[in-house]
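*Asks:* Pasting a structure below so you can have a look.
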Amino acid sequence: MLLVQFLTENFETRVGILNHAEGTIVILHGTESTHQLALDAIAEGRSLSGLAGERISNENTGYGAVSSQGRLLPPLTHPDPAHCLVTGTGLTHLGSADARDQMHLKTSDEEENLTDSTKMFRMGVEGGKPKGEATGVQPEWFYKGDGTCLSPPSRPLPMPAFALHMGEETEIVGLYVIAPDGTPHRVGHCLGNESSDHVLEKQNYLYLAHSKLRACAAGPAVLVGDLPADVRGRTKVVRDGKVIWEKEFLSGEENMSHWLGNLEHHHFKYEMFRRPGDVHVHFFGAATLCFSDGLLAEPGDVFEIDCPIFGPPLINRVERAPVKDISIRGL
């Protein structure tokens, strides 16, 4: 089942089941948000798909119109963006260490000439998929922001005026709602663009945290249920109407150095991430990015991420944000 969250022509939030083949959204009655639907399912002890199936109405709308009119929303949001945490894990995909390794290349003869990135990647390969144990080695973890950094599908991806770069990072995203008793519940998975400032990161490894504090995108649809073990799709960068970079991406546990459950555990093991009612948007790491192939994305470029199991592609255009005067005043 594919769920989408969108605005009606009267700018009311609604949730619907997407029929990608027909290009239609069947609207759910009594459901103003995916967050509400998830909390209702938790309260009733129901599956999300089962509850959504019971709420199918006779109303439908065209996906094309919703998308072209900028009425798509991220597939899961919180009424208060401060209660939506956007985070992620890196170096989780087989072969994903090469790009980071080149950015953080050491010239000294330290331990086997390995960068910290390579060491972290090897730790994941050796201990990210434990057999017979509940959890394995913890991955790299990063914070991107709250719900205000999450750009809707088909809407601009703002690049701060001070940013040096805004590069795409194609990833699978886990979407979660925390139950009243503090238990994390997985709503499903969707496509994500965990865009970062790779030029800044390349200057110094310790700028990694800064480089992640950028806008990102997720959606358009959330796939309810288990994520297939082998996920394949394509990412494009379009400039002035022409594709200037395109590459296949691989994800899913067959192509990762960690079990998804291991990544989830090492995020939600922290009590502050189990606050009742909160929403979590968690990126699971990228295997490919255009920056690794020498392409510097520019304002005006369009990122297009396509994978059939998630329905329509995730499309966003980079836009340079205006300069803002930052004044700090004493009290």
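*Asks:* Mind telling me which of the residues VAL224, VAL243 ends up being modelled with pLDDT of 95 or more, out of contact with any helix residue (DSSP H, G or I) (no Cβ under 6 Å at 6 or more places or on another chain) and within 24 Å of PRO152 (Cβ to Cβ)?
*Replies:* Of VAL224, VAL243, the one residue that is modelled with pLDDT of 95 or more, out of contact with any helix residue (DSSP H, G or I) (no Cβ under 6 Å at 6 or more places or on another chain) and within 24 Å of PRO152 (Cβ to Cβ) is VAL243.
*Asks:* Could you grab me the full set of residues in the stretch 172-183 that are in contact with an Asp or Glu (Cβ under 9 Å, 6 or more places away or on another chain) and either surrounded by fewer than 19 Cβ atoms within 10 Å (Cβ to Cβ) or within 22 Å of ALA287 (Cβ to Cβ) (or both)?
*Replies:* VAL173, GLY174, GLY182
*Asks:* Mind listing whichever residues of the stretch 196-209 are open to solvent by 60 Å² or more (accessible area, probe 1.4 Å) and within 15 Å of PHE291 (Cβ to Cβ)?
*Replies:* If the condition is that a residue be open to solvent by 60 Å² or more (accessible area, probe 1.4 Å) and within 15 Å of PHE291 (Cβ to Cβ), then LYS202, GLN203, TYR207 are the ones that fit.
*Asks:* Then there is this: Please work out which one of (1) part of a strand (DSSP E or B); (2) touching an Asp or Glu at 6+ places or on another chain (Cβ under 9 Å); (3) open to solvent by 10 Å² or more (accessible area, probe 1.4 Å); (4) of a type outside the set (D, E, K, R) is the condition ALA229 fails and give its number.
*Replies:* ALA229 satisfies every listed condition except (1).
*Asks:* Here are GLU304, GLU298: which of them is farther than 26 Å from LEU94 by Cβ and of a type in the set (Asp, Glu)?
*Replies:* GLU298
*Asks:* Then there's this: Here is a check on your reading of the model: is LEU250 within 30 Å of SER33 (Cβ to Cβ), surrounded by 15 or more Cβ atoms within 10 Å (Cβ to Cβ) and of a type in the set (A, V, I, L, M, F, W, C)?
*Replies:* no
*Asks:* Shifting gears a bit: Of all residues in the stretch 142-162, count the ones that are farther than 18 Å from PRO312 by Cα and more than 14 Å from the chain's Cα centre (by Cα).
*Replies:* Matching residues across the stretch 142-162 total 5.
*Asks:* Out of everything in the stretch 124-171 that is of a type in the set (D, E, K, R) and within 24 Å of CYS290 (Cβ to Cβ), what residue ends up being most open to solvent (accessible area, probe 1.4 Å)?
*Replies:* Within the stretch 124-171, the match that is most open to solvent (accessible area, probe 1.4 Å) is ARG155.
*Asks:* Name the strands (runs of 3 or more DSSP E) wholly within the stretch 1-111 that hold at least 1 residues that are farther than 30 Å from PHE268 by Cβ, at pLDDT 95 or above and not acidic (Asp, Glu)?
*Replies:* Where strands (runs of 3 or more DSSP E) fall fully within the stretch 1-111 and carry at least 1 residues being farther than 30 Å from PHE268 by Cβ, at pLDDT 95 or above and not acidic (Asp, Glu), they are 2-7, 13-19, 24-28, 56-62.
*Asks:* Filter the stretch 11-66 for residues that are crowded, with 17+ Cβ neighbours inside 10 Å and charged (D, E, K, R); which is nearest to the chain's Cα centre (by Cα)?
*Replies:* Filtering first and then ranking leaves ARG14.
*Asks:* Quick check on my filter: what residues within the stretch 210-224 are of a type outside the set (Lys, Arg), in a loop (DSSP other than H, G, I, E, B) and surrounded by fewer than 24 Cβ atoms within 10 Å (Cβ to Cβ)?
*Replies:* Across the stretch 210-224, the qualifying residues are LEU213, VAL224.
*Asks:* Of everything in the stretch 198-247, what is at positive phi and free of Cβ contacts under 8 Å to residues at least 24 places away in the same chain? Give them in sequence order.
*Replies:* The one that is at positive phi and free of Cβ contacts under 8 Å to residues at least 24 places away in the same chain: GLY241.
*Asks:* Yes or no: HIS267 touching a residue at least 60 places away in the same chain (Cβ under 8 Å), in a strand (DSSP E or B) and touching a helix residue (DSSP H, G or I) at 6+ places or on another chain (Cβ under 7 Å)?
*Replies:* no
The values are calculated or read from the model by the stated rules, or taken from the named source; none is laboratory data. Because the structure is a prediction, the values reported are computed rather than measured. When we count neighbours, we look across all protein chains shown, and the Cβ atoms used for this are built from the backbone with ideal geometry, even at glycine. To get the accessible areas, we keep the full protein, side chains included, count just its heavy atoms, and leave off ligands, DNA and RNA. Shrake-Rupley method; radii C 1.70, N 1.55, O 1.52, S 1.80 Å.
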